[in-house]
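The values are calculated or read from the model by the stated rules, or taken from the named source; none is laboratory data. None of these values were measured; they are calculated from a predicted model. Cβ placement follows ideal geometry from the backbone for every residue including glycine, while neighbour counts extend to all protein chains displayed.
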């Protein structure tokens, strides 16, 4: 008996992958995604049924914001029982943020949600769009013992599938645009698709999908640099609408020990603002207390982001503030891995 073909929903949000050149102006513009099969006839050869849904107005991913994340999450929620996997076509610039956001918004996700895109438009002769799209659909179609192999939010680009909330865009030029420096990739596409089973996320299959729809964006991201000025920092930190701050510190979580800086952070924490310490380094982890330059931060109650990416830290903070997590448990819960976003 022939196994049932998996049903895959392709969600087009915008981005380079869905662009074609206007023959008159030479400008890139979004094309009608219902013509996808004309552009990539190879999709007919895949052993799955593909349906498509597109944002009414496809957007450049530089305009991505939580309202669009909600649209994506609701499309997945609405179609969750009818499809075996989801592939989200997205611009690469903010793809890591969206992948992180969806991982937190989709609690108890037990099916693949794979984001992909391309560096060159689908109509371009040398495009990377075809391979990224075809393999993403194949990855989303993988089934073993009647269960999807991938049961988390992934990001597929240039032969590798990564855990979405572990990725960072590292290159604007190369086809290999993403990296996951603190976590191994989930799968690699060569002559065969190789799955790294140990790295895969295992959701609680007994629990139903729960979609979290409130993200609080009243947060600030502060990247430290030598010579950062007190007056500029005060403007941000003392802004009454700020409820959470991500501090991008040096190395393993180190910062200046100047008294004005420590006092400022101490005061804002006492005011009830959550302050998270993440590293500016692309890879590695925050380890407060390893050096004297981070001991003070630890003492005053700064939360460690461990080896979380800045992208995932930002969305996790928005998510927790949206969930109205109580102040006394906030630190403990933030420092706990929810969706495999930190070690």
Note to self: Condition check: at pLDDT 90 or above and in contact with a strand residue (DSSP E or B) (Cβ under 7 Å, 6 or more places away or on another chain). Does residue 17 satisfy that?
What the structure shows: no
Check: Do any residues in the stretch 36-61 that are in the same structural domain as residue 143 (by TED's automatic domain parsing) have Cβ atoms under 7 Å from those of residues that are exposed (fewer than 12 other Cβ atoms within 10 Å of the Cβ) and not in a helix (DSSP H, G or I), where the two are at least six apart or on different chains, and which pairs are they?
Finding: none
Checklist line | Residue satisfying condition, being in the same structural domain as residue 204 (by TED's automatic domain parsing) and modelled with pLDDT of 95 or more, within set 180, 118 | finding: 180
Note to self: Can you find a residue that is in contact with a strand residue (DSSP E or B) (Cβ under 8 Å, 6 or more places away or on another chain), farther than 22 Å from residue 9 by Cα and in contact (Cβ under 8 Å) with a residue 24 or more places away in the chain anywhere in the stretch 152-161?
What the structure shows: no
Item checked: Given (1) outside any loop (DSSP other than H, G, I, E, B); (2) under 18 Å from the mean Cα position of the chain (by Cα); (3) modelled with pLDDT under 95, number of the condition residue 294 does not satisfy -> (2)
Next item on the list: Could you check residue 339 against (1) surrounded by 20 or more Cβ atoms within 10 Å (Cβ to Cβ); (2) at pLDDT 95 or above; (3) assigned to a helix (DSSP H, G or I) and say which number it fails?
Entry: (3)
Note to self: Given the options 136, 62, 100, name the one that is at pLDDT below 95 and in a helix (DSSP H, G or I).
What the structure shows: 62
Item checked: Residue identified as at pLDDT below 95 and either within 25 Å of residue 110 (Cα to Cα) or touching a helix residue (DSSP H, G or I) at 6+ places or on another chain (Cβ under 6 Å) (or both) among 158, 173, 188 -> 158
Note to self: Is it the case, given these coordinates, that residue 261 is touching a helix residue (DSSP H, G or I) at 6+ places or on another chain (Cβ under 8 Å), within 15 Å of residue 219 (Cα to Cα), part of a helix (DSSP H, G or I) and not assigned by TED's automatic domain parsing to the domain that holds residue 99?
What the structure shows: no
Item checked: Residues located in the stretch 263-303, provided they are within 21 Å of residue 178 (Cα to Cα), surrounded by 14 or more Cβ atoms within 10 Å (Cβ to Cβ) and touching a residue at least 40 places away in the same chain (Cβ under 8 Å) -> 280, 284, 285
Notebook entry, point to check: In the stretch 43-54, is there at least one residue being in a helix (DSSP H, G or I), touching a strand residue (DSSP E or B) at 6+ places or on another chain (Cβ under 7 Å), modelled with pLDDT under 95 and surrounded by 16 or more Cβ atoms within 10 Å (Cβ to Cβ)?
Noted result: yes
Notebook entry, point to check: Pick from 306, 324, 316: which is in contact (Cβ under 8 Å) with a residue 12 or more places away in the chain, out of contact with any helix residue (DSSP H, G or I) (no Cβ under 7 Å at 6 or more places or on another chain) and either assigned to a loop (DSSP other than H, G, I, E, B) or buried (at least 24 other Cβ atoms within 10 Å of the Cβ) (or both)?
Noted result: 306
Next item on the list: Can you tell me which residue within the stretch 121-133, out of those that are buried (at least 20 other Cβ atoms within 10 Å of the Cβ) and part of a helix (DSSP H, G or I), is modelled with the lowest pLDDT?
Entry: 129
